[in-house]
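Single-structure report; data block below.
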Amino acid sequence: QLQLVESGGGLVQAGDSLRLSCAYSGPHGSSFAMGWFSQAPGKERKWLAPIVWSNGNTYYADSVKGRFVISRDNRANRVYLQMNSLTPEDTAIYYCAWAARPGSVYDVNIFRAWGQGTQVTVFA
């Protein structure tokens with residue numbers, strides 16, 4: 001089964017940037033999607049940015065449009081989330097996840113494999 005491991009989180013000042021990395025291994029199919037999500041304490045897991053592997057199409061939540069960029073490196077088996085202009089509201093655990101088929105990339109339920117998460121903390 002597919003394994004995912006996030007890294008790159010940390011403690012940063014508002015306005016700083018981070019690049020999160022998600023390394024994946026195992027079977028993933030050929031018509032899949034990868035996505036980034038965040039979850040703050042006491043909050044629902046938030047849909048941020050998926051990428052459809054077959055065509056590279058990306059989608060973004062309104063809260064991160066213009067600030068975050070999802071990208072992929074097929075040879076390295078990694079997906080990245082470049083996070084710019086971070087604010088304290090971005091403080092959360094960030095997860096990457098896999099969906100066997102893109103379907104509706106706005107639906108969190110299509111993502112079936114999840115990493116352990118990496119903590120991002122932004123202070124003012």
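The values are calculated or read from the model by the stated rules, or taken from the named source; none is laboratory data. Bear in mind the structure is a predicted one, so any value in this text is a computation, not a measurement. These area figures cover heavy atoms from the full protein model, side chains too; ligands, DNA and RNA do not enter into them. Shrake-Rupley method; radii C 1.70, N 1.55, O 1.52, S 1.80 Å.
Note on the chain: with a GNM built from Cα contacts shorter than 10 Å, the maximum mean-square fluctuation among 29, 42, 56 falls on 42. Computed over region 84-124, the quotient of the alpha carbon radius of gyration and 2.2 N^0.38 Å is 1.46.
Solvent-accessible area assigned to carbon and sulfur over region 1-44 amounts to 48 percent, based on a 1.4 Å probe.
Remark: the chain carries 52 Å² of accessible area per residue (probe radius 1.4 Å; ligands, DNA and RNA excluded). For residue 19, the residues 5 or more places off, or on other chains, whose built amide H falls under 5 Å of its own are 83. For region 66-124, give the percent of accessible area contributed by carbon and sulfur heavy atoms, probe 1.4 Å, rounded to a whole number. The computed percentage sits at 48. Using 0.36 nm per residue and subtracting the Cα-Cα separation, the extra length available between residue 121 and residue 1 on full extension is 40.1 nm.
In order along region 40-54, phi translates into HN-Hα couplings of 8, x, x, 10, 6, 5, 9, 6, 10, 6, x, 9, 8, 5, 5 Hz, rounded to whole numbers, per the Karplus curve 6.51 cos²θ - 1.76 cosθ + 1.60 with θ = phi - 60° and x for Gly and Pro. Amide H contacts of residue 113: 98, each under 5 Å away and 5 or more positions distant or on a separate chain (H built 1.01 Å from N in the peptide plane; Pro and chain starts excluded).
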